[in-house]
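The values are calculated or read from the model by the stated rules, or taken from the named source; none is laboratory data. The structure displayed is predicted, hence computed values, not measured ones. Cβ atoms come from the backbone with ideal geometry, glycine included; neighbour counts cover every protein chain shown.
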């Protein structure tokens, strides 16, 4: 099954996915990510418990509770 390219919106406060209308209403506290076909060349790290982005050093110190994504 091929993955379609699309945009997803994520709350900067909670790290959870939010609707497009929420992103439009609160642009300062949401980020939009483009996902789908292939992966980008940028590496990001995210806490698995909160969903929030973390620094590379945090990901290295806590590998069991962080995930690395290529966007």
Long-range neighbours under 6 Å by Cβ, at least six apart or interchain, first residue more than 19 Å from residue 51 (Cβ to Cβ) and outside the structural domain of residue 52 (by TED's automatic domain parsing) within segment 1-27, second exposed (fewer than 11 other Cβ atoms within 10 Å of the Cβ) and at pLDDT below 90: 5/37
If I go through segment 28-71 residue by residue, how many of them are in the same structural domain as residue 5 (by TED's automatic domain parsing) and more than 27 Å from residue 4 (Cβ to Cβ)? 1
Of the numbered conditions (1) surrounded by 11 or more Cβ atoms within 10 Å (Cβ to Cβ); (2) over 13 Å from the mean Cα position of the chain (by Cα), residue 51 fails exactly one; give the number of that condition. (2)
Of residues in segment 1-31 being under 15 Å from residue 69 (Cα atoms) and at pLDDT below 85, the one surrounded by the fewest Cβ atoms within 10 Å (Cβ to Cβ): 15
For segment 25-70, give me each residue that is more than 20 Å from residue 13 (Cα to Cα) and part of a loop (DSSP other than H, G, I, E, B). 36, 37, 38, 39, 40, 41, 42, 62
